[in-house]
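Below: the structure, in structure tokens.
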Amino acid sequence: MTKAAIEFKDVDYTANGIHILKRITGFFPKGKITTLVGPSGAGKSSLFKLCNGLQTANSGQIYINNKLIEQYAPTVLRRTVGIALQEATMINGSVEKNLALPLTLKGEKLHKELAIELLKVVGLKESYMSRNTQELSGGQRQKLSIARTLVNKPQVLLLDEITSYLTVYPSRTSKN
Ligand SMILES: Nc1ncnc2c1ncn2[C@@H]1O[C@H](COP(=O)(O)OP(=O)(O)OP(=O)(O)O)[C@@H](O)[C@H]1O
Ligand SMILES: [Mg+2]
């Protein structure tokens, strides 16, 4: 058995008459960070969406932790494979409300300590908790999106160009 977190066998995906993914075979190893590189429009986001049931392949097999994707209940699949999308969708309201969303949908509450910890993990200050998401910058929204994906402690985490709005500035140098 392959030590794969996700495995693709001959996966084909067509949407609205456009053949987006053609006979994709390969795997993302377990316990590793894998980067998927390809030009714009190559189908990276589409491939990710197939992995947690946001979209469905037309043919071929996808295995998550060696189990066929069709054998997962949709809610279990979504919790197993966390996905933070390129354009994070936020509901109108506070950072805390958005962070708690995956649990609210299950009828559960997010503990304040966990909320603070998750914000810290992604580098957002605790004071942001009560801020409205409409006031966040693109990068801050992406950070919140990652934190929100972590709420369900997914076994597989897919980050779709999640750093596209995050700029890393070179550290300041002395003035000479
Ligand atoms: N629902 C859809 N219906 C029709 N075409 C689609 C749909 N979703 C994606 N596509 C097309 O499929 C192709 C792959 O799109 P996708 O978003 O997966 O690319 P990508 O590799 O993530 O690109 P980028 O690097 O720009 O994010 C594109 O040509 C896109 O226009
Ligand atoms: Mg994309």
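Key figures
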item: Around S59: net Lys/Arg minus Asp/Glu count, Cβ-Cβ under 11 Å; result: +1
item: Point-charge dipole on Cβ atoms (K/R +1, D/E -1) for the chain, about Cα centre, debye to 20; result: 380
item: For V95, net neighbour charge (Lys/Arg +1, Asp/Glu -1) across residues whose Cβ lies under 11 Å away; result: +3
item: Listed residue (Y128, G107, T56) projecting farthest to the positive dipole end of the chain, Cβ model; result: Y128
item: Carbon + sulfur, % of accessible area of the chain - ligands and nucleic acids excluded, 1.4 Å; result: 52
item: Ratio Rg/Rh, restricted to the chain and using Cα atoms, in which Rh is the Kirkwood radius; result: 1.01
item: Greater than 25 Å apart at Cα, pairs in K112/K143; K112/K153; K109/K143; K44/K109; K9/K49; result: K44/K109
item: Local electrostatic count, P29, Cβ distance below 11 Å [Lys/Arg +1, Asp/Glu -1]; result: +2
item: Relative contact order computed over the chain (Cα-Cα under 8 Å; 6+ residues apart), in percent; result: 22
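The values are calculated or read from the model by the stated rules, or taken from the named source; none is laboratory data. For clarity, every value in this text was computed on a predicted model and none was experimentally measured. In this analysis, Cβ positions are derived from the backbone assuming ideal geometry, glycine residues included, and neighbour counts consider all displayed protein chains. Side chains are part of the model used for accessible areas, which takes the heavy atoms of the whole protein and leaves out ligands, DNA and RNA. Shrake-Rupley method; radii C 1.70, N 1.55, O 1.52, S 1.80 Å.
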